[in-house]
Protein chains: 2
Amino acid sequence: MLQTTPLLKDIDTTTEEKLICQLETYTRQETEVTIGEYIFRRILQLGVKSVFGVPGDFNLRWLEQIYKVTGLNWIGCCNELNAAYAADAYAKTSQNIGVVLTTYGVGELSALNGIAGAYTEYAPVLHLVGTSAMKFKRNPKTLNIHHLAGDKKNYKKSDHYKYERIAAEFACDTASIEEDMDEACEMIDRVILNVWRNSRPGYIFLPCDLPEVKIPAKRLEQPINLSYDLHNSAEKIDRCVDEILDRMYRSRNMSVLVDDFVRKFRVENEFNQLLGKLDNKANIFSTFNAKGIVDEYKNTRFMGTYFGKFEKAVAELIEASDLVLHIGKFEHELNCGAFTFNIPSENLIILSSQYIQIGDKFDESLTMMEVLPVLIDRLETIKLSSANIYQAPAKYYEVSETSRPRVSSLHQDDLIESLNKNLKEDDVLIVETCSFLFAVPDMTMRRSKLIIQSYWASIGYALPATLGASLA
Amino acid sequence: MLQTTPLLKDIDTTTEEKLICQLETYTRQETEVTIGEYIFRRILQLGVKSVFGVPGDFNLRWLEQIYKVTGLNWIGCCNELNAAYAADAYAKTSQNIGVVLTTYGVGELSALNGIAGAYTEYAPVLHLVGTSAMKFKRNPKTLNIHHLAGDKKNYKKSDHYKYERIAAEFACDTASIEEDMDEACEMIDRVILNVWRNSRPGYIFLPCDLPEVKIPAKRLEQPINLSYDLHNSAEKIDRCVDEILDRMYRSRNMSVLVDDFVRKFRVENEFNQLLGKLDNKANIFSTFNAKGIVDEYKNTRFMGTYFGKFEKAVAELIEASDLVLHIGKFEHELNCGAFTFNIPSENLIILSSQYIQIGDKFDESLTMMEVLPVLIDRLETIKLSSANIYQAPAKYYEVSETSRPRVSSLHQDDLIESLNKNLKEDDVLIVETCSFLFAVPDMTMRRSKLIIQSYWASIGYALPATLGASLA
């Protein structure tokens, strides 16, 4: 069952407004579009403005059609890995979909490390690949065309779908277009929706002899309904919320730990509504990756970045809570202090986009996208006890400065202080996988976007990511 | 059955000489080596001097051990794709193995396009990958360490072997090292041998908690026997040679078409011996990729580069032969004039590293490595008729210059002429996948090495390839 949930109202409205504007311009023109143009128009309908990539023999005919789609810009990159990084950062910054377009074999494989990164980091990147022609795919002869990885034997026909199988290892969905255009449109729309829903890469493979095939333009009048697949009954959600509320009302020292899936699964508004209803009765912590969701200056109950053993004073505070609401948990080495988080499960409620966990009770049929709106709606602030009042612990670099003599006039701490001072609300901070990445938990951040790759951790990400973020 | 064939005598002698020198230095030192050092010493024993790559968390402990191996140099590159290209060109230029070393996930996937290219182009590249620790691989907990691509669900344990499965798509052999060091050594030696034999990439995956495990140094005293797996009986080979000789003796207008597997499977010496015994009684042609094997200035029967419809005058000559000996056939789009070779199969004998074809009779149990030495040995020159004497056709750019008015003072033809004039014997010519690549068939080349990527055709190859070729 598909629903447009209340929590998506803002996004839907925005998308629809943009959409009407695009479609008005568009429907005046033609009754047919090519399948190549259809894909670009679907992307534009989402509000995406840029397609990153590198041209190649197998995508040229497709790429030619982007020029018809006013408002969608081709951002030619120097290599595919950087194009993928740019699309990843575009997605993370815009919280929309990032798009990268490459050519068969040499292009898509060059981008693969970036796509695997987006898969691992939950960045919704749509990878468009122009592939070998159907006439070659279907020809029984050997015909070793360029960019087609050889078979085990040079005289045997190679597998034209090898790259598609590899791509599927790092994709939530893939569409391998063939001549049936009804099926093609269904698959295209499905992949785009799944990329958005799963916040992970998906692929559309379009053979190079198909981009100009015409389809009815009418299909574009119905936009893709960007919404989560929420299928639980109100009763089931209510029972879950009952349990959460019961734990919250009984708690005497509650903490909220905000995590990065709040951003990646687009529930920042809901999270902020929840904070409002908590009315300063809980202490607030952030994980490393979630920094920037909470304004650490304005929120007086913000106690610091929970980074396990690397920020001991912060860890002691949150681990002393009798209840931690871990919202949007994103589980990986650097985001849990190298596996040193230590909150007893009986004191823990986890709200994730993939499951809900209350104590030891784990339910992967429920998600925070369903539960949060009901929780916010039903929460009675008056029934909450106020958690212990603490002073936020000093940052690691503040307390330890005396024990770390400065060896040069320019020190990492200076960069922390400079960024703390100069970063404004809604700024985008992009940090390479480098020494300073490990200083980010020590920063004091306003509400802003932190673009990092601390899980995939592929060095070289930040520069192309800056291109992507700048265009988002 | 393994044999050291006569055709490999030169190579074996050279390798053994180098080996004795290395081992003398070496055995004076220790009775044990680490498995990490063992791999580097095996590489050095082949005569390889350079290992290209990029350091990373998962290969640092392995990489540290290269310093003990005097004579083997670490060539740190700025990114893994370029390191793979460099190793590919090192292999092509040295006709030895090229080696690239990367780190888990982010590194090996960044190199993948280069490895797929080496697979497609038959370049023997050994890819060494430092992988996640056995303690993490074996741990049942989720433990999402960095560089480990996430599972479908963030809370589930990821597959530590996903990249190894992908690598196997572009490898002739792979070794995934575990704690059993006897097995590890067997696998390492087997992969190195298979890379050499198949002239294609192979992988050694070494978990990052194993490089320092000790093994007996004695194993290094027995070098890897670099030889093809030749298993046919003398009788079978003789029957094949009977047929070839019969066709050759009956021919009145024989041509030899030299192709790139002659170089890739190291039978240039044998090919030249065959040319000697033919004693100018056949016309000689080269494919595009094989240019540089025959000295086009010195060989008076050299008629040109067979490039199908793109060099019509040359095509007419070879296609008029009553017998074409196609030696070392490498079948792909650009090497067969975009599938416009047109020699009737009844006039064709193909000697390949993967099969022998006489007319329509195809036998994939036989190879040119077995057949050529016997053919050379048994060929009686006196029984051959002399083929028609032709004048070598003018080059495409020579005949068509009048119809292609010069639009600038510097023209592609000038580059052809300059290279023709200045390239010396044994020079290495590296050509990018660019317009000029299509002019190479028009060049007149001495015996030299042509380093191109005309099948995989990944733009960006030539610059890092120049690094690799320079160090070969």
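Structure notes:
- When only Cα pairs below 8 angstrom with a gap of at least 6 residues are kept, chain A shows a relative contact order of 17 percent.
- Its Cα centre serving as origin, the protein assembly as shown has a Cβ charge dipole (Lys and Arg +1, Asp and Glu -1) of approximately 560 debye.
- Counting from the shortest, the label point at B:Pro140, 7 Å from Cα toward Cβ, is 5.2 nm from the same position in each remaining copy.
- Across the identical copies, the 7 Å label point of B:Glu179, projected outward along Cα→Cβ, sits 5.8 nm from its counterparts, in ascending order.
- Counting Cβ atoms of other protein chains within 10 Å of each residue's Cβ and taking the mean over peptide B:111-122 gives 5.
- DSSP beta bridge pairing in chain B, given as percent antiparallel to the nearest 5: 20
- Peptides A:202-213, A:375-386, B:191-202, ordered by how many other C-beta atoms sit within 10 Å of their residues on average, highest first, read B:191-202, A:202-213, A:375-386.
- Ellipticity estimate at 222 nm from DSSP helix runs (n ≥ 4, -39,500 (n - 2.57)) divided over the protein assembly as shown, nearest 500: -11000 deg cm²/dmol
- Most to least packed among B:96-102, B:221-227, B:116-122, B:30-36 [average Cβ atoms within 10 Å]: B:96-102, B:116-122, B:30-36, B:221-227
- Distance between modelled label sites at A:Val213 and B:Asp279, nm, 7 Å Cα→Cβ extension: 6.2
- Residue among A:Gly202, B:Gly276, B:Gly292 farthest towards the positive dipole end of the protein assembly as shown, charges placed on Cβ: B:Gly292
- D (Stokes-Einstein, µm²/s), Kirkwood Cα radius, the stretch A:200-355, 0.692 mPa s at 37 °C: 182
- Sequence-distant residues sharing a close amide H with A:Phe307 (under 5 Å, placed H): A:Ala315
- Across peptide A:98-109, the average count of Cβ atoms from other chains found within 10 Å of a residue's Cβ is 3.
- Packing rank of A:274-280, A:77-83, where each peptide gets the mean count of other beta carbons within 10 Å, highest leading: A:77-83, A:274-280
- Ordering A:Ser50, A:Ser286 by the number of other Cβ atoms within 10 Å of each residue's own Cβ, fewest first, gives A:Ser50, A:Ser286.
- The protein assembly as shown - share of DSSP beta bridges that are antiparallel (%, nearest 5): 20
- Fewest-first ranking of B:Asp151, B:Asp173, using other Cβ atoms within 10 Å as the exposure measure: B:Asp151, B:Asp173
- Lys, Arg +1 and Asp, Glu -1 on Cβ, resulting dipole of the stretch B:234-383 about Cα centre, debye, nearest 20: 360
- Quotient of C-alpha Rg and 2.2 N^0.38 Å, computed over the stretch B:53-175: 1.11
- The ratio of the alpha-carbon radius of gyration of the protein assembly as shown to the globular-protein estimate 2.2 N^0.38 Å is 1.08.
- Using only the C-alpha atoms, the convex hull of chain B corresponds to 161 Å³ per residue.
- Using the Karplus relation 6.51 cos²θ - 1.76 cosθ + 1.60 with θ = phi - 60°, the per-residue 3J(HN,Hα) values for the stretch B:220-236 come to 6, 5, 9, x, 5, 7, 6, 8, 6, 7, 9, 10, 7, 6, 4, 5, 5 Hz, with x marking Gly and Pro.
- Computed from the Cα positions only, the extents of the stretch A:328-472 along the three principal axes stand at 53, 39, 30 Å, in decreasing order.
- Sequence-distant contacts, meaning Cα pairs under 8 Å at least 6 residues apart, place the relative contact order of the stretch B:30-221 at 29 percent.
- For the stretch B:404-471, pairs of C-alpha atoms spaced more than 16 angstrom apart make up 52 percent of the total.
- Between this copy and the others, label points of B:Asn225 are 7.0 nm apart in ascending order, each placed 7 angstrom from Cα in the Cβ direction.
- Close amide H contacts of B:Leu101 (hydrogens built in the peptide plane, cut-off under 5 Å, sequence separation of 5 or more or a different chain): B:Phe52, B:Gly53, B:Val54, B:Leu128.
- Restricting the stretch B:290-330 to trypsin sites (Lys or Arg not before Pro) that sit in a DSSP loop and have at most 14 other Cβ atoms within 10 Å of their own Cβ leaves B:Lys298.
- Local electrostatic count at A:Thr174 - Lys and Arg +1, Asp and Glu -1, tallied over other residues with Cβ under 11 Å: -1
- Estimated FRET transfer efficiency when R0 is 25 angstrom, pair A:Ile224-B:Lys156 (beta carbons, to 0.05): 0.30
- Around the amide H of A:Glu32, modelled in the peptide plane, lie the amide H atoms of A:Ala217, all under 5 Å away and 5 or more residues distant in sequence or on another chain.
- Across the stretch B:137-176, the residues whose backbone nitrogen lies under 14 Å from the label position 7 Å along the beta-carbon direction of A:Ala338 are B:145-146.
- Counts of other chain beta carbons within 10 angstrom of each beta carbon in peptide B:138-149 average 5.
- Sorting B:His160, A:His411 from the fewest to the most surrounding beta carbons within 10 angstrom yields A:His411, B:His160.
- The lysines whose alpha-carbon is closer than 26 Å to the alpha-carbon of A:Lys68, local same-chain residues fewer than 8 away aside, are A:Lys18, A:Lys49, A:Lys214, A:Lys218.
- Here chain B is treated with +1 on each Lys and Arg Cβ and -1 on each Asp and Glu Cβ, and its dipole about the Cα centre works out to around 620 debye.
- FRET efficiency for the B:Lys421 to A:Ser435 pair, using the beta carbon distance and R₀ = 56 Å, is estimated at 0.60.
- Relative contact order of the stretch A:320-370, taken over Cα pairs closer than 8 Å and 6 or more residues apart, is 32 percent.
Each reported figure results from applying straightforward, stated rules to the coordinates on display, with no laboratory input. The shown structure was predicted, so the numbers you read here are calculated from the model rather than taken from an experiment. With ideal geometry, Cβ positions are generated from the backbone for all residues, glycine too; neighbour counts draw on all protein chains shown.
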